[in-house]
Structure formats: C-alpha cells, structure tokens
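Here's the structure, in structure tokens; my notes come after.
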Amino acid sequence: MIEVCPGVFVDEAELSESFIRASGPGGQNVNKVSTAVQLRFDVQHAPGLPDGLKARLVKLAGSRMTNDGELIITAQKFRSQDRNRQDARDSLFELIRAASVVPIKRRKTRPTLGSKQRRLEAKSQRGDIKRGRGRPETE
C-alpha cells in the first residue's frame, strides 16, 4: 500500500503497467526497445479512494479516462523503462494529490447600499458629461 496523501492509499496490485515503443527521436534505440510505459489505474473500483475524490479525479483526468473508469497515463520522457515507470507513477500520484484538495464553495455576496449609490452617482455624472457635448441651445 502506497500512501499518496493523508487518508488516501493506492495498492500496488491496482496498478497495471505495459511497455510500448516510444515515439520521437532516439535513433535505433527507439525502434528496438519498448521504453515507454502505459500505466492503467481503475479509479471506479479503487477501495483506497473516497467517493468525492474519485469524482474530482475523473474530472481532472479528462481525456485520459476511459469509458470503463480506468485512468491511462503514458510516460515516455526518458530513455529507460525504470525512469519512465517512476515518472508515470509520480504523475498518477500528483493527479490524485491535486484531486484530494476540496475546492472552496463560493458564497454569494450582495453589493452594499453605499456601493450601489456610488455607482448610480457615477453613472449620472457620466450622463451629464455626455449631455454637455451636444450643440448649444439657441434662444
């Protein structure tokens, strides 16, 4: 069991890794060796995650979530499997930590009476300025 943040645990058995060929530059190495890591984590059936955190994690993951509720993280930054594996795990844990932060609900506020009066006074002053730009009245 890995403690990602206080009260949130991920079991090693819940993570499944597969190695694929990385794209991009790398010469002959990129054609021969499968160094990129595809990490899969089933968010919907993870017992170590609270329900609220699961919902926020699904929202944060976006297109990395499958229809089955599985999160897929691909790491191919490095040229070795071990470093890419660690990078994928770090990305997953960072995403879980970000989802564990509960957003603060916005409280509706009303403008004060003084602010309403100041706004209306400023509007009338601006209207007077614009009214004064017209042609002068002739008698």
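The values are calculated or read from the model by the stated rules, or taken from the named source; none is laboratory data. Predicted model, so just to flag it, every value in this text is computed and none were measured. Every residue, glycine among them, receives a Cβ derived from its backbone with ideal geometry; neighbour counts consider all protein chains shown.
Per-structure values
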read-out	value
Pair list, Cβ < 9 Å and 6+ apart or interchain, from region 98-111 residues that are at pLDDT 90 or above to residues that are surrounded by 10 or more Cβ atoms within 10 Å (Cβ to Cβ)	111/119
Residues of region 55-65 classified as surrounded by fewer than 17 Cβ atoms within 10 Å (Cβ to Cβ), at negative phi and not aliphatic (A, V, I, L, M), total	3
Test result for residue 90, within 24 Å of residue 59 (Cα to Cα) and not small (Gly, Ala, Ser)	yes
Hey, residue 120 modelled with pLDDT of 85 or more, over 26 Å from residue 56 (Cα atoms) and among the hydrophobic types (A, V, I, L, M, F, W, C) or not	yes
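For (1) more than 17 Å from residue 8 (Cβ to Cβ); (2) among the charged types (D, E, K, R), each residue gets a yes or a no:
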| position | (1), (2) |
| --- | --- |
| 67 | yes, no |
| 81 | yes, no |
| 100 | no, no |
| 103 | no, no |
| 106 | yes, yes |
